[in-house]
Each structure stands twice: as C-alpha cells, then as structure tokens.
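The values are calculated or read from the model by the stated rules, or taken from the named source; none is laboratory data. All values reported here derive from a predicted model rather than from experimental measurement. Cβ sites come from the backbone with ideal geometry, for glycine too, and all protein chains shown count toward neighbours.
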C-alpha cells in the first residue's frame, strides 16, 4: 500500500508538470511527460512485486 505522502508527491509532480507543459508548449514536454509516466509505472510495478 502506497502511503499518502507518496500519492501527494506524485500528484504534486504531475500538477507542476502540467503547469510547465502549459507554459512551454513544446513537443519536448510531451516526451518528458511520457518518460515520467513510464518511470512511475515501472516504479509502481516493482513496488507491487516486492511485496
């Protein structure tokens, strides 16, 4: 079970990325977003399998 601190950190990071994406409007931000989502998915699966 993920602690509320981790969930807050993830949602906070996603909010700041959305703000940055809105300000920059560059294709590069889309790549960064995909990388962050892939990283979170990998970390989540590793966390679940470690239980």
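Numbers at a glance
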{"read-out": "Pair list, Cβ < 7 Å and 6+ apart or interchain, from the stretch 6-25 residues that are part of a helix (DSSP H, G or I) to residues that are modelled with pLDDT of 70 or more", "value": "10/40; 17/33; 17/36; 21/33"}
{"read-out": "Pick from the stretch 1-13, criterion under 16 Å from residue 42 (Cα atoms) and surrounded by 12 or more Cβ atoms within 10 Å (Cβ to Cβ), ranking: modelled with the lowest pLDDT", "value": "6"}
